[in-house]
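All remarks here apply to the structure that follows.
The values are calculated or read from the model by the stated rules, or taken from the named source; none is laboratory data. These numbers were taken from a predicted model, which means no experiment stands behind them. Ideal geometry is used to build each Cβ from the backbone, glycine not excepted, and the neighbour counts take in all protein chains shown. In case anyone asks, the SASA skips ligands and DNA or RNA and just uses the protein heavy atoms, side chains included. Shrake-Rupley method; radii C 1.70, N 1.55, O 1.52, S 1.80 Å.
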Amino acid sequence: MATPIPLRFMEAQARNYRRIWRASAFSNFLNPVLYLTAMGIGLGTLVDAGGNTAAFGGLAYLEWLAPGLLAATGFLSGAGEGAFPVMAGTKWLKTWHSVLNTPVGPSDITAGVLLWISVRLLMVCGIYGVVLLLFGIGTPGGVALAVLPSAYAGLAVAAPMAAFAANLEDDTGLSTMFRFGVVPMFLFSGTFFPISQFPEWIQPAAWLTPLWHGVELARGMSLGMETVFPMWLSFGYLTLWLAVGAWLADLAIRARLVT
Amino acid sequence: MPAPLVAARGLTKKFGDFTAVDHIDFEIQPGEVYGFLGPNGAGKSSTMRMIGATSPIDAGELTVFGLDPREQGRQIRARLGVVPQEDQLDGELPVHDNLYIYGRYFDLKRSEILPRIDELLEFAQLEEKRKAKVEMLSGGMKRRLTIARALINQPELVILDEPTTGLDPQARHILWDRLYRLKQEGVTLIITTHYMDEAEQLCDRLCVMDRGRIVAEGTPRQLIEEHSHREVLEMRFPVGAQADVLPRLAGVAPRQEELADRVLLYVDDADAAMGEVSRRGLVPEATVVRRSTLEDVFLRLTGRTLVD
Ligand SMILES: Nc1ncnc2c1ncn2[C@@H]1O[C@H](COP(=O)(O)OP(=O)(O)O)[C@@H](O)[C@H]1O
Ligand SMILES: [Mg+2]
């Protein structure tokens, strides 16, 4: 039986990845180790000493933080995994143009790359989850329940990032996007502190970000914390980002490759 | 005659208001080497990309293997080999992996691809480079790898867009030799080039393309016979003297072309013409007698040289 065409492109991405998998997996592992050491042991001890555990649902800071960090990791990885392969394929190495001389078409490329990104995000978040367990944070079941929505939040941002990257003429727009879009979202979507710390009128702004929903889902599912919206709504919102993003990415990648 | 492998009628490509390929007609038969000869910007690559079913057609009809690229692009591409003008190899991957990954796009099984890669590396004289990163290869090697890649699916038709541009003479000759071998195996080849010697050497039939149109078509010999004379007498006069000499050459040759640095006389008998020139008391600084080539055909048809 013939292999579905998007899977052929996904396989190519995977083969490409094999070249760097050691370095990549190591950094996916080291990253949470450093974060949890700094945040948890350093910062967490201070925060817990402040005694304000109500803001964290009565949990130790580190326990409350962990699912949020997972979602934020999915989000950051999704932003990068969405942008960089597209930049490489259409601009830096231009390898995607020659792919079109095979049965693979532009939509197969978009679908294949998003499929591969899903796998990568599950890997990144999965490794993060393992590190959490090694640090003695959470239970295997709870961590697994945080990994899934975190990877999903990553995918929800990867798709529009792929579209954005395909539309760029050069790299400058990319650093602007990370500096003024991705990083602020990373900091202000309730990962490190509850957005209830902000004045009430500004809190709905956070509701618009995919990361905030990812954080809500990760905490809701793994810690059983109460969420602002029903969880299906947050999933739906992330799905909207994914669907619109994938549609835009398909248009942009096609426009870039087919002339 | 068998059904043509590729047939175009009124084939047109536009970029905005600009017409890059302007209602061209051609037919390519199975087993032949067909060339598109023309200068940069003539519309050769645009034509190749339409035949390759990767670029939308703006008007006219095109069939490849009797299939319609607008509807059956995937089926066409599955049977084609394409050597694009730019190699578009993955420089960060080894030679072997570039071929393997490309083969998987055609859904070839591992057990099919591996022996095929061995054959192709031998064909492209790249056996020793199997594990080398592609960015380390020379231009000629990259070009041969791109050809090897195009052959992974054992295509019936291979499109080569400027296969030798930018290569040194030795690398070009190695490549030509590989293309002859393909032809002998019965593969149909479509080649674009702006080198007239390449077109003359390789092509059974060719068309001359200029500004999106086909201005002549035939075998290299037919084109030369129809559009040029047998011999060319090239004369170079001292700097500044050419303008004064021109009127005195009137009537020596049935056709005369003035380039910036020399005068070309198109004649059937160059020796006789040379005698006539010296009888008129004209002494060129340098004289070359040669056969007419496709370059001369191009000059005749368009008033311009192919490579400037
Ligand atoms: N993607 C494109 N967008 C706009 N113009 C293009 C594009 N591709 C080619 N052209 C223009 O079309 C003309 C023909 O180009 P091309 O087919 O590449 O010619 P050739 O291969 O004979 O050099 C050129 O003037 C070129 O600038
Ligand atoms: Mg070209």
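Per-structure values
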| item | result |
| --- | --- |
| Inter-centroid distance (Cα atoms) of segment A:51-81 relative to segment B:250-299, Å | 84 |
| Whole-number percent relative contact order across segment B:229-291, with pairs defined as alpha carbons under 8 Å at least 6 apart | 53 |
| Anisotropy class of segment B:75-140 from Cα gyration tensor, a/c 1.5 cut | oblate |
| The protein assembly as shown - percent of accessible surface contributed by carbon and sulfur, probe 1.4 Å | 58 |
| Rounded accessible area of A:THR73 (nearest 10 Å², 1.4 Å probe) | 20 |
| HN-Hα J in Hz across segment B:278-295 - Karplus 6.51, -1.76, 1.60, θ = phi - 60°, x for Gly and Pro | 6, 4, 7, x, 9, 10, x, 6, 8, 9, 10, 10, 8, 6, 5, 10, 5, 4 |
| Accessible area of B:LEU126 in the full protein assembly, 1.4 Å probe (Å², nearest 10) | 0 |
| Kirkwood Rh and Cα Rg combined as Rg/Rh, chain B | 1.05 |
| Listing of segment B:57-74 residues, each with accessible area lower by at least 10 Å² in the full protein assembly than in the chain alone (probe 1.4 Å) | B:ARG74 |
| Where trypsin sites (Lys or Arg not before Pro) fall in DSSP loop in segment B:113-220, at most 16 other Cβ within 10 Å | B:ARG130, B:LYS131, B:ARG211 |
| Whole-angstrom gap from segment B:80-121 to segment A:203-259, using each part's C-alpha centre | 38 |
| Segment B:163-197 and segment A:1-43: distance between their alpha carbon centers, rounded to Å | 43 |
| Residues of chain A: accessible area per residue with a 1.4 Å probe, Å² | 44 |
| Accessible surface, 1.4 Å probe, highest first, among residues A:HIS213, B:HIS96, B:HIS23 | B:HIS23, B:HIS96, A:HIS213 |
| Whole-Hz couplings from phi, Karplus 6.51/-1.76/1.60, listed for segment B:233-246; x for Gly and Pro | 10, 9, 10, 10, 10, x, 3, x, 8, 4, 4, 6, 6, 3 |
| With all protein chains modelled, accessible area of A:ILE202 [1.4 Å, Å²] | 70 |
| Efficiency of FRET between A:LEU59 and A:LYS91 - r from beta-carbon atoms, R0 30 angstrom, step 0.05 | 0.10 |
| Fraction of beta bridges assigned by DSSP in the protein assembly as shown that are antiparallel (%, nearest 5) | 65 |
| Difference of contour (0.36 nm per residue) and Cα-Cα distance, B:LYS133 to B:ALA250 | 36.1 nm |
| Amide H contacts of B:GLY35 (H built 1.01 Å from N, under 5 Å, at least 5 apart or other chain) | B:ILE191, B:ARG205, B:LEU206, B:CYS207 |
| Anisotropy class of segment B:24-179 from Cα gyration tensor, a/c 1.5 cut | oblate |
| Interface size A-B, as summed buried accessible area [1.4 Å probe, Å², nearest 100] | 2300 |
| Reachable aspartates and glutamates, given that their alpha-carbon falls under 16 Å from the alpha-carbon of B:LYS131 and they are not under 8 places away in the same chain | B:ASP90, B:GLU92, B:ASP97, B:ASP118, B:GLU119, B:GLU122 |
| Chain B: calculated mean residue ellipticity at 222 nm from DSSP helix runs of at least 4, using -39500 (n - 2.57) | -10500 deg cm²/dmol |
| Candidates A:GLU216, A:GLU200, A:GLU81: whichever shows maximal mean-square fluctuation once chain A is modelled as a Gaussian network with Cα springs under 10 Å | A:GLU200 |
| Solvent-free Debye scattering, log10 I(q)/I(0), computed from the Cα coordinates of the protein assembly as shown at q = 0.06, 0.09, 0.12 Å⁻¹ | -0.45, -0.79, -1.11 |
| Shielded residues, segment B:95-132 - accessible-area loss of 40 Å² or more between chain alone and all protein chains, probe 1.4 Å | B:ILE101, B:TYR102, B:ARG104, B:TYR105, B:ASP107 |
| Solvent-accessible area per residue for segment B:56-188 (1.4 angstrom probe, square angstrom) | 44 |
| Inter-site label distance for B:ARG9 and A:PHE180 at 7 Å from Cα along Cβ, in nm | 5.5 |
| In range of the label at B:GLN75: residues from segment B:21-59 whose backbone nitrogen is under 15 Å from the point 7 Å along Cα→Cβ | B:53 |
| Residues whose placed amide H lies under 5 Å from that of B:ALA20, excluding near-sequence neighbours | B:LYS13, B:LYS14, B:PHE15 |
| Table column - 3J(HN,Hα) (Hz), segment A:219-229, Karplus curve with 6.51, -1.76, 1.60, x for Gly and Pro | 6, x, 6, 8, 9, x, 6, 5, 9, 5, 10 |
| In degrees, nearest ten, helix A:61-87 long axis to first principal axis of chain A (Cα) | 10 |
| Residue order for A:PHE188, B:PHE237 - accessible surface, 1.4 angstrom probe, largest first | A:PHE188, B:PHE237 |
| Distant-in-sequence amide H partners of A:GLY57 (H built 1.01 Å from N, under 5 Å) | none |
| Three-way shape label, chain A, alpha-carbon gyration tensor, a/c 1.5 | prolate |
| B:ASP197-A:GLU169 FRET efficiency (beta carbon distance; Förster radius 45 Å; 0.05 resolution) | 0.70 |
| Calculated P(r) tail over 17 Å for segment B:229-291, as whole % of Cα pairs | 27 |
